[in-house]
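Report on the structure given below.
The values are calculated or read from the model by the stated rules, or taken from the named source; none is laboratory data. Keep in mind that this is a model prediction, so the values were computed, not measured. For neighbour counting, all protein chains shown are included, and Cβ atoms are generated from backbone atoms with ideal geometry for every residue, glycine included.
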Amino acid sequence: MQHFEIVGGNRLKGTIPISGSKNAALPIMAASILVEGETVLHNVPDLADVRQLQILLGRLGVKAERDESGAMHLRVEDEMNTHAEYELVSKMRASVCVMGPLLAKRKRAQVSMPGGCAIGDRPIDLHVQGLQALGADFEFVNGDVLLRVKKLAGADIFLGGPFGASVTATANVMMAASLAAGHTIIESAACEPEVVDLANYLNACGAQITGQGTPQIAVEGVETLTGTEHRVIPDRIEAGTFMISAALTNGDLELEGGRIEHLRAVVDRLRQVGVIVERAEKGIAVSSARRLEPVQITTQPYPGFPTDLQAQAMALLCLADGNSMITEKVFPDRFLHVGELNRMGAHLRKAGPTVMIEGVKKLVGAPVMASDLRASAALILAGLIAKGTTRVHRVYHIDRGYEAIERKLAGVGANIRRRDD
Ligand code: EPU
């Protein structure tokens, strides 16, 4: 196994290119199951999760390969298999995105229940309810969800759950409805830019989707979808993570390709903290004053503050001049980084879905353990400003979702190295 060794204290200065969005690329890759002919995707990040989905798609008869330029070509070659097995699904939850496409195109989808993970329970009841509303029969078979249908039919579907809209459930239902007979309305749909990107891809393939980016999506089913060329949007969570790295290190970064309009809630909170964030010619410019003001943050579905930046924001607020508070309203158990940050000298107290953050003057380097993708990013950020050396173990979490993070950070002045354990 590998770890990151970080010597804190360097000010970050320069330009970081933002990669394509992981959470947009994965469902779009899964959508290729629906499509006749070839899809060419540009800006697909080179990540462990993407490689994992390529393997699953391969098992499902979809050839998914990159050319020399890095573009990914996807083409269905065999439609026999409709089973996404535990061995693959358990390694990556986003595998659940094949459910809607398999059902709509091959009339059968058997997908292993993904189970919980480090960020808490991750049920898929909304995915199943939405697909049942389109006419699918559902049963449980040996820990798998089995859905079958003769012909999907459009329906009015309410997709809100106890924590609001679901991103991948919206994706699954929207993908399936694209090939259903008639008209579908998805009410309480997720508004995330990644859902909009998927809808734009499907429309370019011939789907008739409107309302993407709002809580009501309408889909008029079509007979066939045809492959197209599409460029995946930039990763707003990667951009947000680097924005926070600039804020923490009193740095000055330009995030090339970053889209400020996808990060309004984050920009609002960072400005409250005293960070200077501006639109730049090629992306987003971030610089920081020395003093960090404390703030309150509540995570919410888009356009609220993203849960995927909660841990990183907590690392920042550890060093604010006063007391801050973060409440997690999307995944109320997503707090495994709290104990690790405390080991670096933070003063954090968790009470249910809220963490009280008493600002400290400094963090101190320590060996720490990554528990999930975004928690790992938070520990790296803390290491960038901690006194001494931090070792972040279990880097495979970070490789799932950040492309070449150590190269990008070292390129703007961070002292960070990947080492074997
Ligand atoms: N939920 C249900 N029932 C469902 C589905 C979700 O109750 O059937 C609940 C969840 O437990 C959670 C809330 O609804 O409390 C929202 O979860 P959502 O379904 O939106 O999450 P997801 O679609 O499984 C995607 C991202 C996550 C990101 C969340 C929230 C992908 C591949 N994953 O997950 O990304 O945290 O939306 O924005 O798009 C990450 O990149 O690190 C990551 C975890």
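Scan segment 173-190 and give yes if some residue there is at pLDDT 95 or above, surrounded by fewer than 17 Cβ atoms within 10 Å (Cβ to Cβ), away from the ligand (no atom under 16 Å from the Cβ) and hydrophobic (A, V, I, L, M, F, W, C), otherwise no.
The answer is yes, given that some residue of segment 173-190 is at pLDDT 95 or above, surrounded by fewer than 17 Cβ atoms within 10 Å (Cβ to Cβ), away from the ligand (no atom under 16 Å from the Cβ) and hydrophobic (A, V, I, L, M, F, W, C).
In segment 131-179, how many are small (Gly, Ala, Ser), over 15 Å from Ala199 (Cβ atoms) and over 21 Å from the mean Cα position of the chain (by Cα)?
7
With respect to the numbered conditions (1) surrounded by fewer than 24 Cβ atoms within 10 Å (Cβ to Cβ); (2) closer than 22 Å to Leu74 by Cα; (3) in contact (Cβ under 8 Å) with a residue 40 or more places away in the chain; (4) within 15 Å of the ligand (Cβ to nearest atom), which one is the sole condition not fulfilled by Glu194?
Of everything listed in (1) surrounded by fewer than 24 Cβ atoms within 10 Å (Cβ to Cβ); (2) closer than 22 Å to Leu74 by Cα; (3) in contact (Cβ under 8 Å) with a residue 40 or more places away in the chain; (4) within 15 Å of the ligand (Cβ to nearest atom), Glu194 misses just condition (1).
Filter segment 129-171 down to the residues that are farther than 22 Å from Ala25 by Cα and within 8 Å of the ligand (Cβ to nearest atom) and list them by number.
Gln129, Gly161, Pro162, Phe163, Gly164
Of the numbered conditions (1) surrounded by 17 or more Cβ atoms within 10 Å (Cβ to Cβ); (2) within 23 Å of Thr168 (Cβ to Cβ), Ala315 fails exactly one; give the number of that condition.
Single failed check for Ala315: (2).
Determine if segment 30-42 includes at least one residue that is of a type in the set (Ser, Thr, Tyr) and farther than 22 Å from Ile237 by Cβ.
Scanning segment 30-42, I find at least one residue that is of a type in the set (Ser, Thr, Tyr) and farther than 22 Å from Ile237 by Cβ, so the answer is yes.
Any residue at all in segment 374-383 that's in contact (Cβ under 8 Å) with a residue 40 or more places away in the chain and away from the ligand (no atom under 16 Å from the Cβ)?
Looking for residues that are in contact (Cβ under 8 Å) with a residue 40 or more places away in the chain and away from the ligand (no atom under 16 Å from the Cβ), one finds at least one in segment 374-383, hence yes.
Condition first: of a type in the set (S, T, N, Q), surrounded by 18 or more Cβ atoms within 10 Å (Cβ to Cβ) and at pLDDT 95 or above. Can you find one or more residues in segment 227-239 that meet it?
no
Which pairs have Cβ atoms under 8 Å, sit 6 or more apart or on different chains, and link a residue in segment 131-142 that is free of Cβ contacts under 8 Å to residues at least 12 places away in the same chain to one that is in a helix (DSSP H, G or I) and surrounded by 15 or more Cβ atoms within 10 Å (Cβ to Cβ)?
These pairs meet every condition: Phe138/Val128; Phe138/Leu131; Phe138/Gln132.
So which residues in segment 269-297 are touching a Gly at 6+ places or on another chain (Cβ under 9 Å), buried (at least 16 other Cβ atoms within 10 Å of the Cβ) and closer than 22 Å to Gly345 by Cα, if there are any at all?
Leu292, Glu293, Pro294
Test of understanding: among Gln300, Gln310, which residue is over 15 Å from Leu270 (Cβ atoms), within 14 Å of the ligand (Cβ to nearest atom) and surrounded by 17 or more Cβ atoms within 10 Å (Cβ to Cβ)?
Testing whether each residue is over 15 Å from Leu270 (Cβ atoms), within 14 Å of the ligand (Cβ to nearest atom) and surrounded by 17 or more Cβ atoms within 10 Å (Cβ to Cβ) leaves just Gln300.
Tell me the residue from Arg290, Arg279 that is closer than 19 Å to Gly251 by Cβ, charged (D, E, K, R) and at pLDDT below 95, please.
Just one listed residue meets the conditions, Arg290.
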